[in-house]
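Report on the structure given below.
The values are calculated or read from the model by the stated rules, or taken from the named source; none is laboratory data. Every value quoted in this text rests on a predicted model; they were computed, and no experiment measured them. Backbone-built Cβ (ideal geometry, glycine too); neighbour counts: all protein chains shown.
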Amino acid sequence: MVTDANIRKSGVTHHLEEILAQAGIICTVYDKTTPNPTTDLVEAAREVYLLENCQAIIGFGGGSSIDCAKAVGARIARPRKSLAKMKGILRVMRNLPLLIAIPTTAGTGSETTLAAVITDSHTRHKYPINDFPLIPAYAVLDPEVTRGLPPFVTATTGLDALTHAVEAYIGNSTTEDTRHDALTAVKLIFGNLKRAYDNGNDMEARRNMLQAAYFAGSAFTKSYVGYVHAIAHSLGGRYNTPHGLANAVLLPHVLRAYGKTAWKKLHILGMAAGVSTPHDTHQAGAEKFIRAIEGLMEQMQIPRTIRGIRGRDIPMLAKYAAKEANPLYPVPKLMTAKQLEKFYWMIKEAHK
């Protein structure tokens with residue numbers, strides 16, 4: 001089982017460990033996963049897997065634990081291939097050990113995607129690995145394990161799911177199924193995220209948010225994401241910025257920058273969210289949707305800036321983001337690394 005120390009200490013994993021023991025299944029736990037899991041952590045977990053002669057992997061936690069579990073599986077499947085050489089698309093190409101995902105947050109959708117995002121321990125470059133064997137064989141969506149999630153984490157992970165749905169929907173490689181999943185996710189998020197934030201024991205809202213994250217994950221694993229994710233990954237790698245927070249802060253800025261190339265689709269998303277009407281122009285409907293996202297952020301006390309961004313790092317970070325996004329992500333509008341730099345300045349916390 002791959003998890004993190006806080007989840008283990010909270011006792012959330014104990015019931016499963018007891019059930020496995022009663023069934024005669026030996027479960028070894030690696031609980032040193034951190035936000036934005038690194039290559040060193042993956043290798044340490046892999047050593048535990050090999051030392052204990054394990055035969056399956058459970059990723060139990062947020063997206064970081066599940067991504068770490070996926071990467072461990074990839075290294076077991078390809079022992080002579082480094083994670084860096086699996087970066088990109090279809091570079092694993094071998095079946096992983098049985099992989100089960102149990103998400104404790106309603107956000108990343110990692111339990112249903114073909115992606116794992118890993119940070120190089122030495123360069124601090126964060127990159128995605130995308131391949132079909134990384135899709136877990138089973139996903140267990142249990143709202144009880146999300147009950148103790150702090151309000152701020154509920155908010156940022158929920159906005160992470162929203163970002164997945166929005167970027168998947170407005171991209172240029174959608175299908176009827178992914179559009180349906182994205183619209184369903186957006187409707188569920190606007191109907192339940194604030195409820196879950198206000199009352200962590202609202203199990204209906206918790207359950208609906210897990211469904212939303214799952215639908216959003218299903219949408220983006222087929223239709224991909226966009227510049228919000230590319231920029232957020234660069235921030236996570238360099239500064240260990242929580243992924244959901246980075247996505248939330250960036251989302252309104254990037255959506256506005258897409259301009260008329262995204263207005264129609266954002267208008268449709270706004271109607272799914274219940275904030276736009278069919279009588280709005282596409283531009284007006286899109287702006288209502290973006291403002292509704294900003295309103296949700298304000299209600300849940302999400303900051304509009306991110307601490308720690310250094311101006312001297314921005315050109316390098318923008319190059320990382322541009323390289324990740326093009327040609328991997330089917331964005332509505334292509335931007336150069338130079339054009340992406342403005343987003344870092346927009347969200348950079350001013351020195352006091």
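Assorted remarks:
- Test: residue in region 8-17 that is in contact (Cβ under 8 Å) with a residue 60 or more places away in the chain, within 22 Å of Asp160 (Cβ to Cβ), outside any helix (DSSP H, G or I) and not hydroxyl-bearing (Ser, Thr, Tyr): yes
- Of all residues in region 303-313, exactly one satisfies the criterion of being β-branched (Val, Ile, Thr) and surrounded by fewer than 18 Cβ atoms within 10 Å (Cβ to Cβ), namely Thr305.
- Residues satisfying the stated conditions in region 245-291, i.e. surrounded by fewer than 21 Cβ atoms within 10 Å (Cβ to Cβ), among the charged types (D, E, K, R) and in a helix (DSSP H, G or I): Arg256, Lys260, Lys264, Glu287, Lys288, Arg291
- Selection within region 336-352 - part of a loop (DSSP other than H, G, I, E, B) and either among the acidic types (Asp, Glu) or under 27 Å from Gly158 (Cα atoms) (or both): Glu349, Ala350
- Meets criteria (in contact (Cβ under 8 Å) with a residue 40 or more places away in the chain, in a helix (DSSP H, G or I) and not assigned by TED's automatic domain parsing to the domain that holds Pro330) for Val166: no
- Restricting attention to region 102-128 and to residues that are under 18 Å from Leu41 (Cα atoms) and hydrophobic (A, V, I, L, M, F, W, C), the residue that is surrounded by the fewest Cβ atoms within 10 Å (Cβ to Cβ) turns out to be Ala115.
- Residue check, Ala77 more than 23 Å from the chain's Cα centre (by Cα) and farther than 18 Å from Ile118 by Cα: no
- Failed criterion for Leu20 (all others in (1) surrounded by fewer than 16 Cβ atoms within 10 Å (Cβ to Cβ); (2) in contact (Cβ under 8 Å) with a residue 24 or more places away in the chain; (3) of a type outside the set (Asp, Glu) hold): (2)
Here's the yes/no breakdown for (1) in the same structural domain as Asp67 (by TED's automatic domain parsing); (2) closer than 20 Å to Arg291 by Cβ; (3) within 12 Å of the chain's Cα centre (by Cα):
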| site | (1), (2), (3) |
| --- | --- |
| Thr174 | no, no, no |
| Asp181 | no, no, no |
| Ile189 | no, yes, no |
| Leu210 | no, no, no |
| Phe215 | no, no, no |
| Ile231 | no, no, no |
| Tyr239 | no, no, no |
| His243 | no, no, yes |
| Val249 | no, yes, no |
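- Whenever a residue of region 92-114 is touching a residue at least 60 places away in the same chain (Cβ under 8 Å), its partners that are aromatic (Phe, Trp, Tyr) and assigned to a strand (DSSP E or B), lying with C-beta atoms within less than 6 angstrom and at least six residues away or across chains, give the pairs Ile102/Phe60.
- Residue match in region 299-319 (condition: in the same structural domain as Ser173 (by TED's automatic domain parsing), closer than 17 Å to Val166 by Cβ and not in a loop (DSSP other than H, G, I, E, B)): no
- Evaluation of Pro35 against (1) part of a helix (DSSP H, G or I); (2) at pLDDT below 95 (one fails), failing number: (1)
- Within region 291-319, residues that are modelled with pLDDT under 95 have Cβ atoms under 6 Å from residues that are in a helix (DSSP H, G or I) and β-branched (Val, Ile, Thr) in no pair, counting only partners at least 6 apart in sequence or on another chain.
- Scanning region 173-210 for residues that are under 16 Å from Pro151 (Cβ atoms), of a type outside the set (A, V, I, L, M, F, W, C) and in a helix (DSSP H, G or I) gives Asn192, Lys194, Arg195, Tyr197, Asp198, Arg206.
Residue by residue, here is whether (1) more than 18 Å from the chain's Cα centre (by Cα); (2) more than 26 Å from Pro150 (Cα to Cα); (3) surrounded by fewer than 16 Cβ atoms within 10 Å (Cβ to Cβ) holds:
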residue: Ile57; (1), (2), (3): yes, yes, no
residue: Lys70; (1), (2), (3): no, no, no
residue: Lys81; (1), (2), (3): yes, yes, yes
residue: Val92; (1), (2), (3): yes, yes, no
